[in-house]
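Engineer: Pasting a structure here, questions to come.
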Amino acid sequence: MSAEHAYHYEASSTLTGSTLSLVTQAHAGVSPAFFRGRLRQPRLSADLLTAVALVVGSRFYTPPNAKARQFTDPIVTAGAGLLRFEGFSACASAWIRLDVDSDGYDGEVVGHGTTNVDFNPPLRQALARVRDTDALGFDVASTALTLQHGDVAVVEKKVPLPPRWLRSLVEVQSYLASMTPRLTVSGPVALRFLRSMPRTTTKNTPLWVVPAAAGLRLTATADPAGVRFTDVTRLRVLEPLAARATSLTMYSDDRGLCSAWVLSFAGMRLTLAMTAEVWRGFSGEGQALRAMLRTDTAEIIARVRGALSWQQLIDVEAIASELGVASDLVDDTLRVLGTSGLVGYDLTAQRYFHRVLPFDLDNIADFNPRLVAARALVDAGAVVTDKDGGGAMVSSGDVDYRVKVVDDDERCTCPWFAKHQGERGPCKHVLAFNLLRDRGNS
């Protein structure tokens, strides 16, 4: 199953002389010109854009049934004076985003929106030739590139968008919102650490980054104060950039299921997020499933959505005051909106920002098989809740599974829960129990 989406580029992205023209797909009702200006650090900017392209074009894990890569155009969000480029590796175990703020360019964001950017091989080759002595002009969706017959052809790409991309985009922001900063070091210390990492694959070995006298070190011993990950290969993209970074900050969720690595530069930040194990793509994590269940049950969702206006950072307190509701309710609602692609999360600021992903998001929940299966179980009357509401019996196929709430933690007797213990989100039986309970309370 795939979400068909046609990409129409006015031309190919190019680097002509000192002008970098990144061609985007136009959207009705959205300004085709997002930004015009110059990047203040040409060589570094080119390297950071190349890092995004490298991750998006990489595969760090190949399952037996892997299919050819069909979607490699990074997503760009523009608005409120800031540009963000993001994308996933082919296996969806790594996500990368470059943020460029007003200190990183001379110019202005003249429009707002979210769309796809054409990062073709000739453009990547041209970026490798950029020097700091160049005056690198930066034009996103240039109005000078117009549709015409003759010398300039219309480039039309029809890409079957895998459901895993939609799921991954909402899952990664759910993880980011649960992370806290763990370790921060200077750029030189980060470079020394990245250079010291093993040169062979460590995809089968859990590792923790922990403080050391000289800065950072790796250990195979579990450390709750450290940052857990596997496969050093995914971190290689950061090594050539660290020498020019002012700092590296590492983030993690409380369970060590995901980590994020943020390199900061003057006017720019590069964030790399990784699932703990390389075989775990963000698309299968299921951290956002519970929030998806609430998307149609609360009036507050429509009210908060109406208060969004392409904010660079969303002020929860201001929206709560405007709507006359509690701030924690607004924060919960933003997490729900994140599952619909309407907000992303800025780790450094620890706040959400407004964006609208360039896909049809009306049926995004339907692309998640666990949620689809849970709804089918409820509609079939296969869920019978206990009288006290503390659990349920769920008939799935020819087997009955027991869902029980223990110390506010939902558990199930199914093989999925036995294997993952809730680390990859709730199973379909727990989801069905929650869905039936929410319908009864609505």
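Here, each number is a calculation from the coordinates, and none is a lab measurement. Because the structure is predicted, anything quoted here is derived from the model rather than measured. Glycine gets a Cβ as well: all are built from the backbone with ideal geometry, and neighbour counts include every protein chain shown.
Engineer: For region 368-441, what does the equivalent ellipsoid look like in terms of its semi-axes, each the square root of 5 times an eigenvalue of the Cα gyration tensor, given largest first in whole Å? Please list the in-between numbers first.
Structural biologist: Details: eigenvalues 52, 44, 28 Å².
The answer is 16, 15, 12 Å, longest axis first.
Engineer: Cα-based Rg of region 171-283 per 2.2 N^0.38 Å, rounded to two decimals?
Structural biologist: The reported ratio for this selection is 0.98.
Engineer: Using 1/(1 + (r/R0)^6) with R0 = 60 angstrom and r between the beta carbons of D407 and T133, what's the FRET efficiency to the nearest 0.05? Provide the component values of the computation, followed by the final result.
Structural biologist: On the way: r = 63 Å, r/R0 = 1.05.
My answer for the efficiency is 0.45.
Engineer: If you don't mind, there's one more thing I want to ask. Given a Förster radius of 51 Å and the C-beta distance between A266 and R437 as r, what FRET efficiency does 1/(1 + (r/R0)^6) yield to the nearest 0.05? Please report the intermediate quantities before stating the final value.
Structural biologist: Values: r = 50 Å, r/R0 = 0.99.
Result of the calculation: an efficiency of 0.50.
Engineer: Residue by residue through region 74-86, what is 3J(HN,Hα) from phi via Karplus (6.51 cos²θ - 1.76 cosθ + 1.60, θ = phi - 60°)? Round to whole Hz and write x for glycine and proline.
Structural biologist: Values, residue by residue: x, 9, 10, 10, 10, x, 6, x, 9, 10, 9, 10, 8 Hz.
Engineer: For the residues T202, T271, what sequence is obtained by ranking on other C-beta atoms within 10 Å, fewest first? Intermediate results must be reported in sequence, preceding the final value.
Structural biologist: Values: T202 18, T271 22.
Fewest-to-most ranking of T202, T271: T202, T271.
Engineer: So the label point goes 7 Å from the Cα of A376 along Cα→C-beta, right? Which residues of region 399-432 then have their backbone N under 13 Å from it?
Structural biologist: 428-429
Engineer: Pulled fully out, how much extra length does the chain show between D254 and M197, if you take 0.36 nm times their separation in residues and subtract their Cα-Cα distance?
Structural biologist: Value of the extension gain: 18.1 nm.
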